[in-house]
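Student: Pasting a structure below so you can have a look.
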Amino acid sequence: MTDCQADGEGANSPMELYEKLNAQGEKVRSLKTAKAEKAEIDAAVQLLLKLKVDYKQMTGNDYKAGCPPSENVVMSDNGPAADGADDEDTVDPWNVATSNAKGVDYDKLIVRFGSSKIDQELVDRIEKFSGQRPHRFLRRGIFFSHRDMHQVLDAYEKSKSFYLYTGRGPSSEAMHVGHLIPFIFTKWLQDVFDIPLVIQLTDDEKYLWKDLTLEECRRFAVENAKDIIACGFDVNKTFIFSDLDYMGASPEFYRNVVKIQKHVTFNQVKGIFGFTDSDCIGKISFPAIQAAPSFSNSFPQIFGGKKDIQCLIPCAIDQDPYFRMTRDVAPRIGYPKPALLHSTFFPALQGAQTKMSASDANSSIFLTDTPKQIKNKVNKHAFSGGKDTVEEHRKYGGNADVDVSFMYLTFFLEDDEQLEKIKQDYTSGALLTGELKKILIETLQPMIAQHQERRKQVTDEMVQQFMTPRPLNFNF
Ligand code: TRP
């Protein structure tokens with residue numbers, strides 16, 4: 001397989017595609033071992049990613065080396081990954097993949113998911129009600145889609161407040177910068193609207209989906225809580241909980257789980273999540289557990305039993321299937337539908353075709369990385385939109401739209417004018433890839449160092465405090 005003919009379109013069966021994937025994986029490994037040209041490795045990686053997308057589309061399952069497709073794969077007609085045309089991006093809670101180097105087509109996703117775009121009018125309204133300059137994630141379309149945010153603001157205008165709910169699946173100790181995006185934004189929302197926040201750590205979910213023990217999942221939840229706390233949440237307004245602990249400790253929470261379970265059929269979750277008959281029943285009922293925190297009476301210690309306090313969920317768009325289900329159930333069990341703010345994905349260093357993965361050390365910048373590791377990773381692995389030689393780059397300029405270093409700067413560089421100037425200079429060729437990477441490195445290094453400093457100051461007692469069910473500083 002040497003060129004672009006070797007993609008999934010040529011494969012007629014899942015087995016054939018599976019074999020192509022094996023061969024391509026092998027090719028990538030040998031190129032890397034042989035320290036081949038970066039461009040050659042990148043091209044091979046991209047083909048591999050594309051084949052994976054094709055495979056998922058054809059079989060409804062993820063490609064896994066060593067797990068050939070079973071004889072009886074049916075072309076899933078109800079999973080979110082297979083609900084459209086061939087060129088469709090894959091976006092569900094477990095997979096994000098696209099064949100486009102610029103990343104997922106988010107406008108198309110809004111149409112497909114039936115959500116609404118966060119337009120300038122909404123950003124202006126948020127500015128008006130919060131009295132603060134909109135966060136850079138709003139100014140730059142990183143939070144790009146919503147459900148019912150106008151209603152939340154209408155009510156807020158009439159002094160009806162709301163609460164925030166977000167979460168994290170603790171699948172390992174190591175969190176990367178992409179994991180911080182919803183938390184950075186949620187912290188801003190908590191500050192500007194002065195409202196309570198609940199954070200769900202789905203240690204149960206990770207136990208069900210991954211090859212981990214209950215103890216490991218519980219421990220990762222506590223470790224991740226430290227990173228979350230280090231984002232600066234106010235202990236008087238924030239409740240962090242592990243499902244494994246809180247489910248058993250709160251009858252009210254469990255009652256809501258059961259109510260939700262009674263109102264969603266197996267058929268519905270199959271349609272929404274692509275579950276199959278061979279998935280364990282824990283997975284099948286899990287969505288009810290992620291839905292429950294959307295209802296205020298799941299937290300009587302905070303909301304005193306009130307069941308009608310509006311919930312707003314900031315999350316990455318891949319979590320939307322859970323909340324489509326939640327919003328469908330809510331009126332049928334007498335609760336308000338949660339509103340949502342959706343973010344785009346944080347791209348892997350290798351390119352925007354997929355999001356970062358906590359299991360591939362070189363795809364991400366971890367919160368534990370040293371300044372040197374950050375520098376090396378960016379220099380070695382950040383996919384570049386620059387030209388191959390300085391001469392060509394000066395002449396034709398770089399492509400910021402596919403350049404991962406530039407994308408990362410849109411997430412983390414606060415100054416709009418500086419960002420715009422970088423884009424212009426890169427596009428014109430005045431700024432070289434090495435120089436762009438240097439700006440990113442110098443942005444990330446202090447940011448990560450400060451995070452590490454704040455995390456060090458998070459004691460076990462603080463974690464304990466955040467995770468204790470208690471009233472928060474708020475009267476509804
Ligand atoms: N399922 C999410 C994950 O794996 C964790 C999560 C639970 C979450 N509740 C949420 C994320 C609410 C966003 C909003 O990461």
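Student: Which net charge results when you count Lys and Arg as +1 and Asp and Glu as -1 among the other residues whose beta-carbon is under 12 Å from that of ASP203?
Tutor: Once positives and negatives cancel, what remains is -2.
Student: Where both residues lie in the chain, what percent of DSSP beta bridges are antiparallel, nearest 5?
Tutor: 40
Student: So for the pair ASP107, LYS210, with labels modelled 7 Å out along Cα→Cβ, what separation do we get in nm?
Tutor: The two pseudo-label positions are separated by 3.7 nm.
Student: Can you list the DSSP H helices in the chain whose Cα atoms extend at least 20 Å along the helix axis and whose mean Kyte-Doolittle hydropathy is 0.5 or higher?
Tutor: The answer, listed by residue number, is 177-193.
Student: Counting only protein heavy atoms and a 1.4 Å probe, tell me what percentage of segment 102-245's accessible area is made up of carbon and sulfur.
Tutor: 46
Student: Same structure again: With the full set of protein chains in place, find how many percent of the accessible area of segment 308-444 is carbon and sulfur; take the probe as 1.4 Å.
Tutor: 51
Student: Oh, and also: What do you get when you divide the Cα radius of gyration of segment 14-59 by 2.2 N^0.38 Å, with N the number of residues?
Tutor: With N residues counted in segment 14-59, Rg over 2.2 N^0.38 Å equals 1.18.
Student: Right, another one. To the nearest 10 square angstrom, what accessible area does HIS263 show with a 1.4 Å probe?
Tutor: The value for HIS263 is about 60 Å².
Student: What does the extension gain come out to for ARG454 and GLU37, with contour length at 0.36 nm per residue minus their alpha carbon separation?
Tutor: 146.2 nm
Student: With the other protein chains left in place, how much accessible area per residue, in square angstrom, belongs to the chain at a 1.4 angstrom probe?
Tutor: For the chain, the per-residue accessible area is 45 Å².
Student: Can you tell me, using C-alpha contacts under 8 Å and at least 6 residues apart, the relative contact order of the chain as a whole percent?
Tutor: Value for the chain: 16 percent.
Student: To the nearest 10 square angstrom, what accessible area does VAL458 show with a 1.4 Å probe?
Tutor: We get 20 Å² for VAL458.
Student: Another question, if that's okay. In terms of the ratio Rg/(2.2 N^0.38 Å) built on C-alpha atoms, what value belongs to segment 356-396?
Tutor: Values: Rg = 13.5 Å, N = 41, 2.2 N^0.38 = 9.0 Å.
That works out to 1.50 for segment 356-396.
Student: Quick one: if the Förster radius is 22 Å, what FRET efficiency do ASP360 and ARG219 give, using the C-beta to C-beta distance and rounding to 0.05?
Tutor: Between ASP360 and ARG219 the formula returns 0.55.
Student: I've got another one for you. Could you tell me what a quarter of the Cα convex hull surface of segment 365-448 works out to, in nm² with one decimal place? Mind showing how you got there, number by number?
Tutor: Values: hull surface 19.9 nm².
About 5.0 nm², averaged over all directions.
Student: Next up: Based solely on C-alpha atoms, express the radius of gyration and the Dmax of segment 314-405 in angstrom.
Tutor: 19.6, 65
Student: Add -39500 (n - 2.57) for each DSSP H run of 4 or more in the chain, then divide by its residues: what number comes out at 222 nm, to the nearest 500 deg cm²/dmol?
Tutor: -15000 deg cm²/dmol
Student: May I ask for the Rg/Rh ratio of segment 98-350, computed from Cα atoms with Rh as the Kirkwood radius, given to two decimals?
Tutor: Rounded to two decimals, Rg/Rh equals 0.94.
Student: Over the Cα atoms of the chain, Rg to Rh with Kirkwood Rh, two decimal places?
Tutor: Dividing the radius of gyration by the Kirkwood radius yields 0.96.
The values are calculated or read from the model by the stated rules, or taken from the named source; none is laboratory data. Predicted model only: the values in this text are computed from it and were never measured. Positions of Cβ are backbone-derived with ideal geometry, glycine not excepted, and every protein chain shown enters the neighbour counts. When the accessible area is computed, the model is the full protein with side chains, heavy atoms only, and any ligands, DNA or RNA have been set aside. Shrake-Rupley method; radii C 1.70, N 1.55, O 1.52, S 1.80 Å.
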